[in-house]
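The values are calculated or read from the model by the stated rules, or taken from the named source; none is laboratory data. All of these numbers come straight from a predicted model, not from anything done at the bench. Using ideal geometry, Cβ is built from the backbone for each residue, glycine included, and neighbour counts are taken over all protein chains shown. Ligands, DNA and RNA are excluded from the accessible area calculation, which covers all protein heavy atoms including side chains. Shrake-Rupley method; radii C 1.70, N 1.55, O 1.52, S 1.80 Å.
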Amino acid sequence: MQSVPPRAPVTTPKAKAKLRVDQRPLRLLRALLDLLAVLLGFWTSFLLHAALVEWGVLGRQSLDPAHYVNLALLFGVICIAVFWKLDLYRERASVLNLSELQAAMKGILLTAAIFLAVLFMVRLTNFSRFVTFFGFFTSAVFVLLQRRLFSAFVRKVQLGGKIARRNVLIYGCGETGKLLMKKLIQAPHKACHVVGFLDDFAPRGSRVTCRLHQTTTEVFEARVLGRLQDLAPLARELRIDELLVTVSLTNAERHHELVQLAREANVDVGVIPRFGEVRADQLEVEDLSAITVLRPSSVRPRKFYPAMKRCFDVLTASTLLIVTAPLWMLAVALILLESGWPVLFRQMRVGQDGKRFKIVKFRTMRKGVEPYQNSPQGDDDPRITRIGRLLRMGGFDELPQLINVLRGQMSMVGPRPEMPFIVEKYSALESQRLVAKPGITGIWQLSCDRHAEIHENLEYDLYYIRHQSLLLDFLILLETLFFTIGLASNVARRESLKPPLSKIPLPMPSSSSKPEPGDGYILVALDQRRTDTLPESWITCAPAFYVLASHGHLKLLVAPDNVAVLDGLVEEPASERVRAVDRTEYVPYVDRSQLRALTYGAKMVVTDLDHVDGWARDGNVDVLFVEGQRMRWYNRSHGCEALVADLAERISIDMPDDRAHQVLAAGTPEPSYDEGATARTSLALDPPQHTI
């Protein structure tokens, strides 16, 4: 996956005290905006009715604007009362605020029913039914659009630090911690500001980022500020209100320590539950006689929903085929003029229950491109044609998938279908995406993570699978329309400011299956035994950390008692080493099988352990073996020459028989390996005899 270069950070670790504001004025403002949206909806309906009468489509009748203003005010007042009863003016959080929008749609329908009952009881008949019923629809659209825009505005103001109500620290910057930060940012009405992270294994200063918008590279950034023991001083300095715990606490002593530290720091504590390997967002809560029970969520079969969804898909796809017919003809003509046949692109994908089918799209890439390469991460990919860029602006290259919908292979809304070679590597959790029929659009496509890999952002698809409904499908289609209009206008404006694009030659595909240099990660696995002085191998490797991190993702194997010592080695004052923290990860030792798996997955291993060197040899992985103040390079994959050459300028590197200069020049075959050496050293993770 191509990384997105972040812009200037939106926030910094040393956050100032945030302004606490009362939420009641915000709720009153939201109610006023809902009323204005209803009035605008009825006014739009009235103007359309007047235009249709003038054009002779509808019969002429007396229309008093003041009368319809009173009707709109009545509808708006009932709508606000219903919304208040549904708690739509209280803080709530969901994926892309979809639960709020669903509740708003249900509120509009309930309001319409009450409104018609009121009209029947007071016997009001001197009004246009067209204005009234079309006003229901336009009011719903304007209310949804208003709430969408208002949430975006509140989030922007909140990220600026003006309405943050609670400063939050997150304990644990792993997968659950990153997911929690993303959810807090996507829930602006919660008014929580993520100041940073505490983590017992991540290097201090490590960045945790997430994107803020679908169409820009702006990111929110928070850093690892310290360990759990640093909670009290950080809480005083940064005025922390709440600590959210995302790591598993293994025993009662850790629970007691956490509660005691939070009490001393005067901060509230919230715990994100864990249930084995089940993700936090895949748990459901049951109230069992005032006792909270956590269960892994499951998808409950629905009797009539599949048939209703199929009818909805056929009706929607048929309508869109008719409406978009001019776009089809234009796209075909442009593709033929630029690059000729074929116009359509077909590719094997995996659908519901693992069934394979051929997806159809307008061809947006040049001829001869391998069809099963990773998808482009941006419109600047040299494989994309000029017409392809135009089609991708608004997602118009996906229009032929309406054929897949009519064939029953896809749905209008659902998880995006993946290629077979990706699905073959799915875990049990990722395989849950295959429960639902794949769709042309979905929640992931509308999210800020749409530029990342689909299977790396499971929360969107899993949320949809658990909450499938025709109302949710309608909302996602409406959101897709809003998103497409905004995306097309933004891209068109950006493209108008660019000079004309010149043709970029397409690189020839490589026939080798060998990973390119830079793939994988670098593993540092040093013997963790130490006394009151640092082991010589640690001192030798210390200057190498920032060089290794500059050439790729760096994983440092560390025993729990050595984290503080490693912090000191990684965070030396040199500016290069400080910057290297962003690409460094501490990996706590679990067992030998874990270490063996880490070794096989690395592109290079730095170690002083013979059995790790043996595993690397079996996996054809490069090794820098540390012997005292020197390193020996075992060149096995011929992909790390630049790294070793850069490192050799700072550290003494050689090969057995003193042939380092030959290896750095051309990469000679590795020397004979001592088969009996693997039993000399074992990785000891016993607590140190003395603390440094």
- Hits in region 519-552 (condition: closer than 17 Å to Val587 by Cα, outside any helix (DSSP H, G or I) and modelled with pLDDT of 80 or more): Tyr521, Ile522, Leu523, Val524, Ala525, Leu526, Asp527, Gln528
- Message: Checking the structure you have, find out if any residue of region 47-57 is modelled with pLDDT under 65 and assigned to a loop (DSSP other than H, G, I, E, B).
- Response: no
- Item | Condition check for Ala202: small (Gly, Ala, Ser) and part of a helix (DSSP H, G or I) | no
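Here's the yes/no breakdown for (1) of a type outside the set (Asp, Glu); (2) at pLDDT 75 or above; (3) within 21 Å of Pro560 (Cα to Cα); (4) in contact with a Lys or Arg (Cβ under 8 Å, 6 or more places away or on another chain):
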| position | (1), (2), (3), (4) |
| --- | --- |
| Val219 | yes, yes, no, yes |
| Leu231 | yes, yes, yes, no |
| Ile240 | yes, yes, no, no |
| Val247 | yes, yes, yes, no |
| Glu253 | no, no, yes, no |
| His256 | yes, yes, yes, no |
| Glu277 | no, no, no, no |
- Query: Taking region 622-633, which residues are under 19 Å from Asp646 (Cβ atoms) and surrounded by 12 or more Cβ atoms within 10 Å (Cβ to Cβ)?
  - Reply: Asp622, Val623, Leu624, Phe625, Val626, Arg630, Met631, Arg632, Trp633
- over 32 Å from the mean Cα position of the chain (by Cα) and touching a residue at least 12 places away in the same chain (Cβ under 8 Å) - does that describe any residue in region 278-299? no
- List every residue pair whose Cβ atoms lie under 9 Å apart, where the two residues are 6 or more positions apart in sequence or sit on different chains, the first residue falls within region 413-441 and is under 24 Å from Gly395 (Cα atoms) and among the acidic types (Asp, Glu), and the second residue, located anywhere, is part of a loop (DSSP other than H, G, I, E, B) and modelled with pLDDT under 90. Glu418/Tyr426
- Among residues belonging to region 154-175 that are closer than 24 Å to Ala280 by Cα and more than 22 Å from the chain's Cα centre (by Cα), point out the one that is modelled with the highest pLDDT. Asn167
- Task: Being farther than 21 Å from Lys361 by Cβ and either free of Cβ contacts under 8 Å to residues at least 24 places away in the same chain or not in a helix (DSSP H, G or I) (or both) is the filter here, so list the residues in region 448-464 that pass it.
- Result: Cys448, Asp449, Asn457
- Item | Of residues in region 422-447 being part of a loop (DSSP other than H, G, I, E, B) and charged (D, E, K, R), the one least open to solvent (accessible area, probe 1.4 Å) | Lys437
- In this structure, does Ile454 turn out to be at pLDDT 85 or above and either open to solvent by less than 30 Å² (accessible area, probe 1.4 Å) or β-branched (Val, Ile, Thr) (or both)? no
- Any idea how many residues of region 626-651 are among the polar types (S, T, N, Q), modelled with pLDDT of 70 or more and within 42 Å of the chain's Cα centre (by Cα)? 1
